[in-house]
Amino acid sequence: PSPGTLCRTKPTDLVFIIDSSRSVRPHEFEKIKVFVSRVIEALDVGPNATRVGVVNYASAVRSEFSLQSHQSKAALLQAVRRIQPLSTGTMTGLAIQFALSRAFSAAEGGRGSAPNFKKVAIVVTDGRPQDGVQDVSARARAAGIEIFAIGVGRVDMGTLRQMASEPLDEHVDYVESYSVIEKLTHKFQEAFCVVSDLCATGDHDCEQVCVSTPGAYRCACRDGFSLNSDGRTCTACNGGLGSALDLVFLIDGSKSVRPENFELVKKFINQIVDSLEVSDKQAQVGLVQYSSSVRQEFPLGQFKNKKDIKAAVKKMSYMEKGTMTGQALKYLVDSSFSAINGARPGVPKVGIVFTDGRSQDYISDAAKKAKDSGFRMFAVGVGNAVEDELREIASEPVAEHYFYTADFRTISKIGKKLQMKICVEEDPCECKSIVKFQAKVEDLINSLQQ
């Protein structure tokens, strides 16, 4: 794993219970195997750490391998690749019973109910069971097995709830098709992460300062130093104003954004513009508005100073139609960040997407393409914005790149947080001085108001 994502997983006995009944097509079954492999890749596998078993079921139940079969990640991943579908009925209850009586047993490599071992079952199914799951699931949970239920497509949601552990919203997941099951990988990688202070245990390679975050860490530097791009070593600062940055705003002008709110959005944009150093060599700003169509208000580099950018933002008129966020993201990737539109090669690209509602078109491909192209994407949602969409647009780590507020009036608070974040993307040496300066000014204003 890359530095900072080292995740000590709590020693866990993990059993996947996967449905390969005839409704699961062969290529869909391959997707389940990819999902299982991805989750395994993020675990701390070993005889004394996490052990993994797989139970495959349809009308009958087949143990593919037990908790004690494979001691290493490589061997597990190879064994997963060899699994074949059974292609008959759907006896989910029977499969859970098998897990309870056999898969988690000591004979198969289960490690009893010692308090520091977790027992976890992940059930993946796309149908309605032909047998009962309620009683057997309750017995499994009573035996200390934590059950996650993943439903796909035309699954019966009621039976997922009968299987899963409490709290249900953390243990029941639904995806519309097998092709998107990988979306859940991240959730399970996080679910198995132990929140341990890796800085304290010395499990890090930071040159100067280690900052602990749940289940991970990041490196920082002492005052007067900035963090290098390897994320762990530091270099002494040498003055110099903020370095180059190409920043494009993608603004939702759909009719659900009321005119008075649209004015607040303009203020929000200008608040962020205020914190930048704008010039040919430093920050360039572009602005795109979208509703049912996409309109470039001004490209990167058209305006050479803050005053002109802010004036152009204030003049922006409001489109007032639908919400085609996917189309807008595609425009951002294909046009806004192209050299023809003023983007500079080799300069960091940042996109800030603002929306107040669910997109009327499909955003996944364009959102993925933006991130794959190396753009740093921030998603800001207000009102009826859909959290899943915001998360899909946002860069990793998602929590630091998406913001949501119920009310337009609190959007300037988000602006404050974003200023700091974008500022960090430039030159941390410069950034520290800006942040210190901002803090000083705020203190002064506060003391005057007393």
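Comparison of 330, 255, 304 shows that the only residue that is basic (Lys, Arg) and within 23 Å of residue 411 (Cβ to Cβ) is 255.
Every condition in (1) touching a Ser or Thr at 6+ places or on another chain (Cβ under 8 Å); (2) farther than 23 Å from residue 262 by Cβ is met by residue 320 except one, and the failing one is (2). Do the conditions hold for residue 63, that is, is it assigned to a strand (DSSP E or B), in contact with a helix residue (DSSP H, G or I) (Cβ under 8 Å, 6 or more places away or on another chain) and crowded, with 17+ Cβ neighbours inside 10 Å? Yes: the conditions hold for residue 63.
On the basis of being in contact with a Phe, Trp or Tyr (Cβ under 8 Å, 6 or more places away or on another chain) and open to solvent by 70 Å² or more (accessible area, probe 1.4 Å), does residue 391 make the cut? The answer is yes for residue 391.
For (1) without any contact (Cβ under 8 Å) to a residue 40 or more places away in the chain; (2) in a loop (DSSP other than H, G, I, E, B); (3) outside the structural domain of residue 286 (by the TED database), each residue gets a yes or a no:
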site	(1), (2), (3)
310	no, no, no
313	no, no, no
318	no, yes, no
329	no, no, no
359	yes, yes, no
368	yes, no, no
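The values are calculated or read from the model by the stated rules, or taken from the named source; none is laboratory data. Not measured: the values here are computed from a predicted model. We place every Cβ from the backbone using ideal geometry, glycine too, and count neighbours over all the protein chains shown. Surface areas here come from the heavy atoms of the whole protein model, side chains and all, with no ligands, DNA or RNA. Shrake-Rupley method; radii C 1.70, N 1.55, O 1.52, S 1.80 Å.
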